[in-house]
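Take a look at the structure below.
The values are calculated or read from the model by the stated rules, or taken from the named source; none is laboratory data. Here the structure is a predicted model, which is why all the values come from computation and not from measurement. Neighbour counts are summed over all protein chains in view; Cβ atoms, including those assigned to glycine, are modelled from backbone coordinates with ideal geometry. Surface areas here come from the heavy atoms of the whole protein model, side chains and all, with no ligands, DNA or RNA. Shrake-Rupley method; radii C 1.70, N 1.55, O 1.52, S 1.80 Å.
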Amino acid sequence: MEIENAVSVKVLFFAQSKELAGTREATIRVPCKISYRQLLQIIIEKYNLQPIRNNILLAKNEEMCEDTIDLEIEEQDRIAVIPPLSGG
């Protein structure tokens, strides 16, 4: 199914998200206007991140995103999946 007004973005995975997704990076097509929560849900479902779903943060082009915003995505944007951090 083709998404209307879609763009390709690179998704970067780190630490536990990389282990669960089985890759360091991937390219997906998403609508150019999408809510943070919708984008997060797409990434969680597509890359099997359910075990850490409540602890993931997203960053767009190296800027952390607030979970209440709508995102304007442009071709070749980079979305980083920031998993829970551990250590002390």
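When the stretch 43-66 is filtered for residues that are in a helix (DSSP H, G or I), under 16 Å from residue 82 (Cβ atoms) and open to solvent by 50 Å² or more (accessible area, probe 1.4 Å), the ones remaining, listed by number, are 51, 53, 54, 55. Check the stretch 69-80 and report whether any residue there is open to solvent by 80 Å² or more (accessible area, probe 1.4 Å), β-branched (Val, Ile, Thr) and either outside any loop (DSSP other than H, G, I, E, B) or over 18 Å from residue 20 (Cα atoms) (or both). Checked against the condition, which is being open to solvent by 80 Å² or more (accessible area, probe 1.4 Å), β-branched (Val, Ile, Thr) and either outside any loop (DSSP other than H, G, I, E, B) or over 18 Å from residue 20 (Cα atoms) (or both), the stretch 69-80 yields no hits at all.
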